[in-house]
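S.K.: The structure follows.
Throughout, read-outs are computed from the coordinates displayed, never taken from laboratory work. Just so it is clear, the model here is predicted, and its values are computed rather than measured. Glycine also receives a Cβ, built like all others from the backbone with ideal geometry; neighbour counts cover every protein chain displayed.
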Amino acid sequence: MKQNLLAFIRGLGHEVLDVGTTSTAPVDYPDYAEAVGMAIRNGQADRGVLICGSGVGASVAASKIPGIRACVCHDSYSAHQGVEHDDMNVLVLGSRIIAGELAHDLVKIYLAAAFSGEERHVRRLQKIRDLEARFSAPSRA
């Protein structure tokens, strides 16, 4: 799925930074979730796409990185709504859950979506940032 999506995304006219594995052997997904998240945090990428078996583990791991809002999406509504309402910056796909054509559709929809900037979404996004800051702060125990 990864190689197929790389070609597809390039075909859409996007520049691709590949920080993933080059092997088909099982890997520890938190390592690659971190690589994608850090590429976004460091300004090397605006958005990311992660692929794992179900998508769940990679979305959990990537979302632990401050500023990363990763969501597993296997339907078109979530792929665009996550960006429009929640400023999702990492789309996570489960390669054991969806087929290639659906993956193409979801990536295309995700990359075309833009954050709405509506007041209610900006307010909610700030609350997410506040949660992140509060729980990232060193404890005073």
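S.K.: Can you find even one residue in the range 24-46 that is exposed (fewer than 14 other Cβ atoms within 10 Å of the Cβ) and of a type in the set (Ser, Thr, Tyr)?
M.R.: yes
S.K.: Another question, if that's okay. Can you confirm whether the range 74-87 contains a residue that is of a type in the set (A, V, I, L, M, F, W, C) and under 14 Å from the mean Cα position of the chain (by Cα)?
M.R.: Yes, that holds for at least one residue.
S.K.: Determine which single condition SER136 fails, assuming it passes every other condition in (1) of a type in the set (S, T, N, Q); (2) touching a helix residue (DSSP H, G or I) at 6+ places or on another chain (Cβ under 9 Å); (3) closer than 21 Å to VAL36 by Cβ.
M.R.: Against the list (1) of a type in the set (S, T, N, Q); (2) touching a helix residue (DSSP H, G or I) at 6+ places or on another chain (Cβ under 9 Å); (3) closer than 21 Å to VAL36 by Cβ, SER136 comes up short only on (2).
S.K.: Tell me whether the range 2-12 contains one or more residues that are over 20 Å from GLU132 (Cα atoms), touching a strand residue (DSSP E or B) at 6+ places or on another chain (Cβ under 6 Å), not β-branched (Val, Ile, Thr) and not in a loop (DSSP other than H, G, I, E, B).
M.R.: Yes, the range 2-12 contains at least one residue that is over 20 Å from GLU132 (Cα atoms), touching a strand residue (DSSP E or B) at 6+ places or on another chain (Cβ under 6 Å), not β-branched (Val, Ile, Thr) and not in a loop (DSSP other than H, G, I, E, B).
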